[in-house]
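Asks: This is the structure, below, for whatever I ask next.
The values are calculated or read from the model by the stated rules, or taken from the named source; none is laboratory data. This structure is a prediction, so every number in the text was calculated from the model and none was measured. Here the Cβ positions follow ideal geometry from the backbone for every residue, glycine too, while neighbour counts run over all protein chains shown. The area values use the complete protein model at the heavy-atom level, side chains included, leaving out ligands, DNA and RNA. Shrake-Rupley method; radii C 1.70, N 1.55, O 1.52, S 1.80 Å.
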Amino acid sequence: MAQGRSLVGTAPAAPTVSASNGGVKIQWAAGAGSHNVYRATSSNGPWMAVALMRSGTSIMDAPAQEGVAYYYAVSANGQNSESPLSPSRPATP
């Protein structure tokens, strides 16, 4: 989560993830003006920001190391605030 930002609102629904050769596609439901996408190698983090999406509801995280389990979660952004993280979902490219 971004430092210095307050948590507001509810967490988005868990993203849908699907692995392919060398990458992972992450999709989530629209709802906020923008979303942050996070990745970790454990379901409990630590979380690393993968992307800030000002529009759209999917990204491809590539390249990703094959055979490594990644966990993905998303948050919704408001003005100077960020929602809690969604539940995480795993994928192994």
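Asks: Specify the residue that is nearest to P15 (Cα to Cα); the eligible residues are those in the range 43-58 that are part of a strand (DSSP E or B) and either open to solvent by 40 Å² or more (accessible area, probe 1.4 Å) or free of Cβ contacts under 8 Å to residues at least 12 places away in the same chain (or both). Show your work before the answer.
Replies: Taking the range 43-58 first, the residues part of a strand (DSSP E or B) are 48-53, 58.
When the remaining residues are screened for being either open to solvent by 40 Å² or more (accessible area, probe 1.4 Å) or free of Cβ contacts under 8 Å to residues at least 12 places away in the same chain (or both), the result is 48-50, 52, 58.
Details: M48: 16, A49: 15, V50: 14, L52: 15, S58: 9 Å.
Going through the qualifying residues, I end up with S58.
Asks: Something else now. So which of P93, P84 is of a type outside the set (A, V, I, L, M, F, W, C), open to solvent by 40 Å² or more (accessible area, probe 1.4 Å) and over 10 Å from the mean Cα position of the chain (by Cα)?
Replies: On the way: P93 fails: open to solvent by 40 Å² or more (accessible area, probe 1.4 Å).
None of the other options fit; the residue is P84.
Asks: Follow-up question, since we're still on this one. Does the range 33-42 contain any residue that is modelled with pLDDT under 90, buried (at least 18 other Cβ atoms within 10 Å of the Cβ) and not in a strand (DSSP E or B)? Steps first, please.
Replies: First pass over the range 33-42, keeping only residues modelled with pLDDT under 90: 33-34.
Still in the list and also buried (at least 18 other Cβ atoms within 10 Å of the Cβ): none.
No: zero hits.
Asks: Let me ask something additional. Which of the residues belonging to the range 14-72 are over 14 Å from S88 (Cβ atoms) and among the acidic types (D, E)?
Replies: Result: E66, single match.
Asks: Here are the criteria: (1) on the phi < 0 side of the Ramachandran plot; (2) touching a residue at least 60 places away in the same chain (Cβ under 8 Å); (3) out of contact with any Pro (no Cβ under 7 Å at 6 or more places or on another chain). Tell me which single one V24 does not satisfy.
Replies: That leaves (3) as the condition not met.
Asks: Which pairs have Cβ atoms under 7 Å, sit 6 or more apart or on different chains, and link a residue in the range 59-83 that is at pLDDT below 95 and assigned to a strand (DSSP E or B) to one that is surrounded by 20 or more Cβ atoms within 10 Å (Cβ to Cβ) and of a type in the set (D, E)?
Replies: As it stands, the answer is S75/E82, since those pairs meet every condition given.
Asks: How about the range 14-32: which of its residues are in a loop (DSSP other than H, G, I, E, B), open to solvent by less than 50 Å² (accessible area, probe 1.4 Å) and small (G, A, S)?
Replies: Residues of the range 14-32 in a loop (DSSP other than H, G, I, E, B): 14-15, 21-22, 28-32.
Then keep just the ones that are open to solvent by less than 50 Å² (accessible area, probe 1.4 Å); that gives 14-15, 22, 28, 32.
Selection gives A14, G22, A32.
Asks: Still on this structure, please answer the following. Got at least one residue in the range 60-78 being among the polar types (S, T, N, Q), more than 19 Å from A19 (Cα to Cα) and open to solvent by 60 Å² or more (accessible area, probe 1.4 Å)? Steps first, answer last, please.
Replies: Within the range 60-78, the subset among the polar types (S, T, N, Q) is 65, 75, 77.
Applying the additional criterion that residues be more than 19 Å from A19 (Cα to Cα) yields 75, 77.
Subsequent filtering for residues that are open to solvent by 60 Å² or more (accessible area, probe 1.4 Å) retains none.
Checking the range 60-78: not a single residue is among the polar types (S, T, N, Q), more than 19 Å from A19 (Cα to Cα) and open to solvent by 60 Å² or more (accessible area, probe 1.4 Å).
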